[in-house]
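The values are calculated or read from the model by the stated rules, or taken from the named source; none is laboratory data. Worth saying up front: this structure is predicted, and the values here are computed from it rather than measured. Here Cβ is always computed from backbone atoms with ideal geometry, including for glycine, and neighbour counts include all displayed protein chains.
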Amino acid sequence: MGTHLSRTIAEGRAFTQLVGGRAVDSLSGERIDVLSPSDGKVFASIPASGAADVDLAVRAARRAFDDGPWARMPAVERGRLLTKLGQLVEKNGTELAALESRDTGKPVRQGRADVNATTRYYEFYGGAADKIHGDTIPFLDGYTALTLREPHGVVVGIIPWNYPLQILARVAGAALAMGNTLVVKPAEDASLTTIRIAELALEAGFPEGVFNVVTGYGRDAGAALSGHPLVDYVTFTGSPATGAAIQKAAAENNRGVTLELGGKSPQIVFADADIDAAVPVLVNAIIQNGGQTCSAGSRVLIERAVYDEVAEALAERFSALVAGPHDADLDLGSLINPRQRQKVTGMVSDAERAGCEILARGSIHADAPESGFYYAPALIAAKDTKLAIAQEEVFGPVLTLLAFDDEADAIGIANGTEYGLVAGIWTRDGARQHRVAKRVRAGQVFVNGYGAGGGIELPFGGFKRSGHGREKGFEALYDMSATKTVVFNHG
Ligand code: NAI
Ligand code: MG
């Protein structure tokens, strides 16, 4: 990976959005500066779209769904286009990884991992497109009843800034495999790879209007999209507050939504666990992407008998962690923007004021520009399970430790937040593995491992405030389609 490329990619480019197969600016001509969190400097710009731009994009997607060749295209052909898109992502992987890491501040290595997962998403859904089908149902004498799986129509994807390539791919892969058309709004902080993917989709041969991108602020373009009456279904990944706003907007039109709203995912370490195996995984589960991961393992629950041993091993690793520019490819990069750094700083200060001890701190590399949005990783012993640091999503490189007495106590603490996205269980006791996996409220449970964001084949989504609906794997194909029942009376 050329350091030069990841530092200079897209320099000075005025990006356009893609509507109806054409590269267009916003109607107002207004633009948003694109900056790299690694140095806080502006290097490109994107259109700042509003309701009128959104309306054009939704109408383009509507026409493509109602009248275009897409509606009559056999599933196998849709699948081939997705597979082709996956190949183009792979072919342009170096450029996409450099673009993603410059735009988000993540290490280039993470950008490359995101590209690989993105390729896999398009391959997986390309292969799946013609392998999902309905049922025939035993019904009354003289009748044949069957089900067809039909696309919703125009699907909206509102994408966050933490994993733009991957989250777009899980939405677009499943939505397009089922024959929907798409309007995507990436986050104002990280829109560039979404624009590039839409360009590659055109190159792959998707008909015009099938894959549209509008860029702009959430309160303008995002709000207009989620409440547009010609939209059939909305998917969103991001904060619970914005998720609620989007659900309300979609409810005005009585449309369905899939919401993935983050978590406070526990990793439970029992005294009989293989601690040497667990420790590096526990660290990676929070440090990956600087902790800006919906499925980050942000709480470690430790059985009292091994609390000191685990805490010390974690502290040793935390002290060695170094944050720095994306192209330096250190343990972690910068946070996405000053607001996010302020949020993380504030939550950690509040925890300290409430009497929590900082057990270890990583560092920021001496060469990291002062103007970047870096935060030195922190390992915190929580004094109380009720504190914000033990309850709320920090979305930064901050790991909270909590002690527990026994299995029931561990499950109580694990389930004692408003979230329920992912959980990790570390124990050698097979019966306990099954018991705890069943009782913990989380959409994904890992036993003796942890896969923050990994596994494109694995259904993923939340309970409680973590949201509803399922993405990834075959499950997503059901969320991205509706059942039509057809009954024949043949006497
Ligand atoms: P956000 O949820 O407001 O933004 C995510 C996306 O929603 C962006 O594309 C944004 O433009 C759009 N959006 C914002 N307001 C909208 C509205 N009213 N209607 C439609 N779309 C709208 O998240 P934000 O403010 O960037 O980050 C705040 C916190 O949210 C973070 O600290 C983190 O805790 C959480 N978050 C969680 C993510 C996850 O993967 N679950 C991803 C990003 C943020
Ligand atoms: Mg950026």
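Criterion first (in a loop (DSSP other than H, G, I, E, B) and of a type in the set (A, V, I, L, M, F, W, C)) does Ala408 satisfy it?
Values: in a loop (DSSP other than H, G, I, E, B): no; of a type in the set (A, V, I, L, M, F, W, C): yes.
Here the answer is no, as Ala408 does not meet what is asked.
Regarding Gly216, is this residue buried (at least 24 other Cβ atoms within 10 Å of the Cβ), of a type outside the set (A, V, I, L, M, F, W, C), assigned to a loop (DSSP other than H, G, I, E, B) and more than 14 Å from ligand 2 (Cβ to nearest atom)? It is true that Gly216 is buried (at least 24 other Cβ atoms within 10 Å of the Cβ), of a type outside the set (A, V, I, L, M, F, W, C), assigned to a loop (DSSP other than H, G, I, E, B) and more than 14 Å from ligand 2 (Cβ to nearest atom). I'm trying to understand the selection: among the residues of the stretch 41-68, which are in contact with a Pro (Cβ under 7 Å, 6 or more places away or on another chain) and modelled with pLDDT of 95 or more? The one that is in contact with a Pro (Cβ under 7 Å, 6 or more places away or on another chain) and modelled with pLDDT of 95 or more: Ala64. Determine whether Gly424 is within 22 Å of the chain's Cα centre (by Cα) and more than 16 Å from ligand 1 (Cβ to nearest atom). So Gly424 fits the description; yes.
In summary, strands (runs of 3 or more DSSP E) completely within the stretch 227-346 and bearing 2 or more residues that are within 16 Å of ligand 1 (Cβ to nearest atom) occur at 233-237, 256-260.
Cβ-Cβ contacts under 8 Å between residues 6 or more apart (or on different chains), taken from a first residue in the stretch 64-80 that is under 14 Å from Ile132 (Cα atoms) and in contact (Cβ under 8 Å) with a residue 40 or more places away in the chain to a second residue that is small (Gly, Ala, Ser) and surrounded by fewer than 18 Cβ atoms within 10 Å (Cβ to Cβ), are listed as Gly79/Gly127.
How about the stretch 290-332: which of its residues are polar (S, T, N, Q) and crowded, with 19+ Cβ neighbours inside 10 Å? Don't jump to the end; show me each part of the working.
First pass over the stretch 290-332, keeping only residues polar (S, T, N, Q): 292-293, 295, 298, 319.
Selection gives Gln292, Thr293, Ser295, Ser298.
Just one of (1) in the same structural domain as Ser101 (by TED's automatic domain parsing); (2) surrounded by fewer than 24 Cβ atoms within 10 Å (Cβ to Cβ); (3) not acidic (Asp, Glu) fails for Val281. It is (1).
If the condition is being touching a helix residue (DSSP H, G or I) at 6+ places or on another chain (Cβ under 9 Å) and not aliphatic (A, V, I, L, M), then the stretch 358-390 contributes Arg361, Gly362, Ser363, His365, Asp367, Phe373, Tyr374, Tyr375, Pro377, Lys383, Asp384, Thr385.
With of a type outside the set (Gly, Ala, Ser) and touching a Phe, Trp or Tyr at 6+ places or on another chain (Cβ under 9 Å) as the only criterion, which of Asp274, Asp220 stands out?
On the way: Asp220 fails: touching a Phe, Trp or Tyr at 6+ places or on another chain (Cβ under 9 Å).
Unique residue meeting the criteria: Asp274.
Evaluated against (1) surrounded by 24 or more Cβ atoms within 10 Å (Cβ to Cβ); (2) under 15 Å from the mean Cα position of the chain (by Cα); (3) away from ligand 2 (no atom under 16 Å from the Cβ), Gly111 falls short on exactly one condition, (3). So, in the stretch 1-33, how many residues would count as being under 21 Å from Leu335 (Cβ atoms) and touching a Phe, Trp or Tyr at 6+ places or on another chain (Cβ under 6 Å)? Summing the residues that are under 21 Å from Leu335 (Cβ atoms) and touching a Phe, Trp or Tyr at 6+ places or on another chain (Cβ under 6 Å) in the stretch 1-33 gives 0.
Conditions tested, residue by residue: (1) surrounded by 22 or more Cβ atoms within 10 Å (Cβ to Cβ); (2) closer than 19 Å to Val115 by Cα; (3) within 16 Å of ligand 1 (Cβ to nearest atom).
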{"residue": "Leu146", "(1), (2), (3)": "no, no, no"}
{"residue": "Arg170", "(1), (2), (3)": "yes, yes, yes"}
{"residue": "Met178", "(1), (2), (3)": "yes, no, no"}
{"residue": "Glu188", "(1), (2), (3)": "no, no, yes"}
{"residue": "Ala204", "(1), (2), (3)": "no, yes, no"}
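Kindly indicate the residue of the stretch 1-52 that is assigned to a loop (DSSP other than H, G, I, E, B) and of a type in the set (Val, Ile, Thr) and also farthest from Pro207 (Cα to Cα) among those meeting that condition. Across the stretch 1-52, the extreme among qualifying residues is Ile9. Before we move on, is Pro151 free of Cβ contacts under 8 Å to residues at least 12 places away in the same chain and not β-branched (Val, Ile, Thr)? Considered against the rule, which asks whether it is free of Cβ contacts under 8 Å to residues at least 12 places away in the same chain and not β-branched (Val, Ile, Thr), Pro151 comes out as no.
Based on what the data block shows, is Gly20 farther than 30 Å from His326 by Cβ, modelled with pLDDT under 95, in the same structural domain as Thr118 (by TED's automatic domain parsing) and crowded, with 16+ Cβ neighbours inside 10 Å?
No; evaluated as a whole, the condition is false for this residue.
Pairs are defined by a Cβ separation below 6 Å, a sequence spacing of at least 6 or placement on different chains, a first member in the stretch 312-336 that is in contact (Cβ under 8 Å) with a residue 40 or more places away in the chain, and a second member that is among the hydroxyl-bearing types (Ser, Thr, Tyr) and more than 16 Å from ligand 2 (Cβ to nearest atom); the pairs so defined are Val322/Ser363; Asp327/Thr3; Leu335/Tyr375.
Here is a yes/no grid of residues against (1) crowded, with 23+ Cβ neighbours inside 10 Å; (2) part of a loop (DSSP other than H, G, I, E, B):
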site	(1), (2)
Arg428	no, yes
Ala431	no, no
Val436	no, no
Arg441	no, yes
Phe446	yes, no
Gly449	no, yes
Gly454	no, yes
Leu458	no, yes
